[in-house]
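Engineer: The structure's right below; bear with me while I get my questions together.
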Amino acid sequence: MRRLPIAVRGLVTALAALLAVTAASATARAKPGPKAPEGFVALRTVDRTIIQEIRYFTPHNFVGDRIAGYQQPLCILTEPAAQALHKAQVKLLRRGYSLKVYDCYRPQRAVDHFVRWAEDLNDEAMKGEFYPRVDKTRLFEDGYIAEKSGHSRGSTLDLTLVRLPAKPTRPYVPGETLVPCYAPQTQRFPDNSVDMGTGYDCFDTLSHTLDPRIQGQQRANRLLLKDTLEDLGFVNLREEWWHFTYKPELYPDTYFDFPVSKKSLTSSH
């Protein structure tokens, strides 16, 4: 076999090196995301009756777009939190209510998305509904946005109550006229939940669980949710009527970043 000229051999070598780099790059891009550790479950495997409306999989949230890391509209929790939630659901079903979850485990990449959005002071597309009375420059200072979230540890969730039989809800249409989240229930975006005095993720002091301005049936609804969950080991964040953490947490010091997806729960061991 004849030897290739030196120039040609050099070209072949360079081409081979380029192909190797390209292949390596493709392999890196194809690398699957991180997996959930032992102890995480999809809520539906523990309780199929709890309603799920995962807001960050949709554009109906304070950002106005699907949030990074939400690959499926799925509630993932640590198993102890899911089991305790199931016990709460059993109690509430007897009284004619169902729980509805808005958000459960939240990957760190989603929190990072919130931070990027909060730093972009020009993006106020959803202000009219979610933070009408809050200047966006104060979101960090006032505690509405933070660089870490307890949701990323897997035992924190956002939820509400729905009176049974549950009524269907219409989808949010991007660009539709926004109504303040603290407006009367008949005026704000339709949600099949009971009236809690504000909508979910309402950046306003009226969202504080025991705000004295919330009275009557609205207060009774908040207390029913709070008392039911606290009896089973959940702790409410006083600034948000919808926010609860199951204690003791299975992973109290770890902030995970696996995607919200069934594939994240596929164990390889």
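Engineer: Considering only region 181-198, I want to know if a residue exists there that is surrounded by fewer than 20 Cβ atoms within 10 Å (Cβ to Cβ), farther than 27 Å from residue 117 by Cβ and touching a Lys or Arg at 6+ places or on another chain (Cβ under 8 Å).
Structural biologist: Within region 181-198, one or more residues are surrounded by fewer than 20 Cβ atoms within 10 Å (Cβ to Cβ), farther than 27 Å from residue 117 by Cβ and touching a Lys or Arg at 6+ places or on another chain (Cβ under 8 Å).
Engineer: Okay, moving on. Output the qualifying pairs, or none if there are none: Cβ atoms under 6 angstrom, residues six or more apart or on different chains, first residue in region 58-83 and under 18 Å from residue 35 (Cβ atoms) and among the β-branched types (Val, Ile, Thr), second residue at pLDDT 95 or above and in a loop (DSSP other than H, G, I, E, B).
Structural biologist: 76/104; 76/105; 78/39; 78/154; 78/155; 78/250
Engineer: Residues being among the aromatic types (Phe, Trp, Tyr) and either closer than 11 Å to residue 152 by Cβ or surrounded by fewer than 22 Cβ atoms within 10 Å (Cβ to Cβ) (or both): count how many of those fall in region 103-114.
Structural biologist: Result for region 103-114: 1.
Engineer: Of (1) surrounded by fewer than 17 Cβ atoms within 10 Å (Cβ to Cβ); (2) modelled with pLDDT of 50 or more; (3) part of a loop (DSSP other than H, G, I, E, B), residue 36 satisfies all except one. Which?
Structural biologist: Of (1) surrounded by fewer than 17 Cβ atoms within 10 Å (Cβ to Cβ); (2) modelled with pLDDT of 50 or more; (3) part of a loop (DSSP other than H, G, I, E, B), only one is false for residue 36: (1).
Engineer: While we're here: If you take the residues in region 88-102 that are surrounded by fewer than 16 Cβ atoms within 10 Å (Cβ to Cβ) and of a type in the set (Lys, Arg), which one is nearest to residue 234 (Cα to Cα)?
Structural biologist: 91
Engineer: Moving on to the next point. Could you give every pair whose Cβ atoms fall below 7 Å, whose first residue belongs to region 214-233 and is free of Cβ contacts under 8 Å to residues at least 40 places away in the same chain, and whose second residue is among the acidic types (Asp, Glu), counting only separations of at least 6 or pairs across chains?
Structural biologist: 217/195; 218/195
Engineer: Just checking, does region 196-203 include any residue being within 21 Å of the chain's Cα centre (by Cα) and of a type in the set (Asp, Glu)?
Structural biologist: yes
Engineer: All but one of (1) in a loop (DSSP other than H, G, I, E, B); (2) closer than 20 Å to residue 100 by Cβ hold for residue 224; which doesn't?
Structural biologist: Evaluating residue 224 over (1) in a loop (DSSP other than H, G, I, E, B); (2) closer than 20 Å to residue 100 by Cβ leaves (1) as the failure.
Engineer: So, one more: Being over 19 Å from residue 101 (Cα atoms), of a type outside the set (Lys, Arg) and either part of a loop (DSSP other than H, G, I, E, B) or not assigned by TED's automatic domain parsing to the domain that holds residue 164 (or both) is the filter here, so list the residues in region 186-216 that pass it.
Structural biologist: 186, 187, 204, 210, 211, 212, 214, 215
The values are calculated or read from the model by the stated rules, or taken from the named source; none is laboratory data. Owing to the predicted nature of the structure, the values given are computational and were not obtained by experimental measurement. When we count neighbours, we look across all protein chains shown, and the Cβ atoms used for this are built from the backbone with ideal geometry, even at glycine.
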